[in-house]
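Student: Have a look at this one before I ask anything.
Derivation of every value follows stated rules applied to the coordinates shown; laboratory data play no part. What you see is a predicted model, and the numbers here were worked out from it, not measured in a lab. No Cβ is skipped: glycine too gets one built from the backbone with ideal geometry, and neighbour counts run over all protein chains shown.
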Amino acid sequence: MRRREAIGKQGLYRPGSQNYRMLQYACKTAGFDCDAVFSTKTEEEMTELIGKHATEVHGLEPSDLSPELMRKVKASIQRI
């Protein structure tokens, strides 16, 4: 039996596992009035894209990223 390496409570799996799929984030699902959608292979890539988008498009600074907002954003990331 292969060991699955879960990431968080959503049951996401690391690359290389049989259940690996792309990550997708739609800014609108986190409560923003924004049509941006991102797809990446890794959680690290997704975090980088979301952070860049938040500062460049929404004008958010790192200090604006509250724990509540970050939970909402992370909960909006899906496997496709």
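Student: Inside segment 50-80, can you point out the residues that are closer than 14 Å to MET22 by Cβ, under 9 Å from the mean Cα position of the chain (by Cα) and not in a loop (DSSP other than H, G, I, E, B)?
Tutor: Filtering segment 50-80 for residues closer than 14 Å to MET22 by Cβ gives 77-80.
If we keep only those that are under 9 Å from the mean Cα position of the chain (by Cα) too, we end up with 77-78.
Of everything in segment 50-80, just one residue is closer than 14 Å to MET22 by Cβ, under 9 Å from the mean Cα position of the chain (by Cα) and not in a loop (DSSP other than H, G, I, E, B), namely GLN78.
Student: With respect to the numbered conditions (1) in contact with a Cys (Cβ under 9 Å, 6 or more places away or on another chain); (2) assigned to a loop (DSSP other than H, G, I, E, B); (3) not acidic (Asp, Glu), which one is the sole condition not fulfilled by PHE38?
Tutor: So the condition that PHE38 fails would be (2).
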